[in-house]
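Presented below is the structure to which this report refers.
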Amino acid sequence: MSKDNVKVVIFAGGTGTRLKEETEFKPKPMVNVGDSPIILHIMKIYSHYGFNDFIVALGYKGDMIKNYFMNYLALNNDIEIDLKGNKLNILTKEKEDFKVTLVDTGLETMTGGRLKRVQKYIGKNTFMATYGDGVADIDISKLYDYHKKHKKIATVTGVHPSSRFGELDIKDNLVTDFKEKPQVTGSYINGGFFVFEPEFFNYLNDDDSLILEREPFEKVSKQGNLAIYKHNGFWKCVDTFKDFKEINEIWEKKAPWKVWG
């Protein structure tokens, strides 16, 4: 399948309450890492491997994300404005090879409901998804190929940090159980960077309260249809203000996820 047909869904609707120092005024995907919002870092990771077609599932302060992409060229380039002639000229050439579909999926909707609500824009092809607050030095092409090779309905990327996220029980490269935010035991945790077959939508409905990481993943894992791609490299999400400070410190030194030029 051509990479041009593979959509990448980015969950960008949560309120980010643990990062209220930043998210009181902006949605979490718009929190800056360096001079750019973290959602742009995520898109550049995917784009580096040839995946350029994004669907952003909006919710909290989604208008700020819409405005950012609608005005991307003006915000990221030198511009000349002819007020008399009502013309805008872009003087420099900073641009990205992205197609971005921005979808309002509800203010309070959880991840499962958000994914279901963008189904009509995905079609019947394999697609990918990730959270709008995490980066990694992950080879997206290898992740995609791994998923296609194992022929499961879904693949989740497992990562190793000590943290507070969904823990995965694994046997023979299959997820046998999916535990949402348990006590950390040192095993792999859910790092996002998912790959799905369109059949996964059979496990979803557009109920506001449907959490992707609970019932849908629990069902598909118990049926032996949730593979794990083990990523042992760098992974970091911006969940708290401490994370925000740490990721910016990493960016200032040498960011492992910066695979683009």
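Table: residues versus (1) surrounded by 12 or more Cβ atoms within 10 Å (Cβ to Cβ); (2) of a type in the set (Ser, Thr, Tyr); (3) in a helix (DSSP H, G or I).
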position: Ile39; (1), (2), (3): yes, no, yes
position: Ile45; (1), (2), (3): yes, no, yes
position: Ile65; (1), (2), (3): yes, no, yes
position: Glu80; (1), (2), (3): no, no, no
position: Glu96; (1), (2), (3): yes, no, no
position: Leu107; (1), (2), (3): yes, no, no
Going through the range 116-141 in order, the residues found to be farther than 16 Å from Trp235 by Cα and not in a strand (DSSP E or B) are Lys116, Arg117, Val118, Gln119, Lys120, Tyr121, Ile122, Gly123, Lys124, Asn125, Thr126, Ser141
Within the range 204-261, restricting to residues that are without any contact (Cβ under 8 Å) to a residue 40 or more places away in the chain and assigned to a helix (DSSP H, G or I), the one that is nearest to Gly192 (Cα to Cα) is Lys219
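Condition check ((1) out of contact with any strand residue (DSSP E or B) (no Cβ under 8 Å at 6 or more places or on another chain); (2) surrounded by fewer than 19 Cβ atoms within 10 Å (Cβ to Cβ); (3) modelled with pLDDT under 95) across all residues:
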{"position": "Phe54", "(1), (2), (3)": "no, no, no"}
{"position": "Met70", "(1), (2), (3)": "yes, yes, yes"}
{"position": "Asn77", "(1), (2), (3)": "no, yes, yes"}
{"position": "Gly85", "(1), (2), (3)": "yes, yes, yes"}
{"position": "Ile90", "(1), (2), (3)": "no, yes, yes"}
{"position": "Gly123", "(1), (2), (3)": "no, yes, yes"}
{"position": "Asp139", "(1), (2), (3)": "yes, yes, no"}
{"position": "His147", "(1), (2), (3)": "no, no, no"}
{"position": "Lys152", "(1), (2), (3)": "no, no, no"}
Taking the range 184-196 and the residues there that are part of a loop (DSSP other than H, G, I, E, B) and within 17 Å of the chain's Cα centre (by Cα), the one that is surrounded by the fewest Cβ atoms within 10 Å (Cβ to Cβ) would be Gly192
Note on Leu58: of the conditions (1) touching a Gly at 6+ places or on another chain (Cβ under 9 Å); (2) surrounded by fewer than 18 Cβ atoms within 10 Å (Cβ to Cβ), unmet is (2)
For Thr15, the lone unmet condition from (1) of a type outside the set (Phe, Trp, Tyr); (2) crowded, with 16+ Cβ neighbours inside 10 Å; (3) in contact with a Leu (Cβ under 8 Å, 6 or more places away or on another chain) is (3)
Within the range 47-63, residues closer than 25 Å to Leu143 by Cβ and part of a loop (DSSP other than H, G, I, E, B) come out as Tyr49, Gly50, Phe51, Asn52
Taking the range 142-160 and the residues there that are part of a helix (DSSP H, G or I) and of a type in the set (D, E, K, R), the one that is farthest from Pro216 (Cα to Cα) would be Lys142
State whether one or more residues within the range 82-94 are among the β-branched types (Val, Ile, Thr), in contact (Cβ under 8 Å) with a residue 60 or more places away in the chain and assigned to a strand (DSSP E or B).
no
Quiz item: Does Thr111 satisfy being of a type in the set (S, T, N, Q), out of contact with any Pro (no Cβ under 8 Å at 6 or more places or on another chain), surrounded by 21 or more Cβ atoms within 10 Å (Cβ to Cβ) and closer than 15 Å to Asp207 by Cβ?
Solution: yes
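The values are calculated or read from the model by the stated rules, or taken from the named source; none is laboratory data. Predicted model, so just to flag it, every value in this text is computed and none were measured. Positions of Cβ are generated from backbone atoms using ideal geometry, with glycine treated the same way; all protein chains shown enter the neighbour counts.
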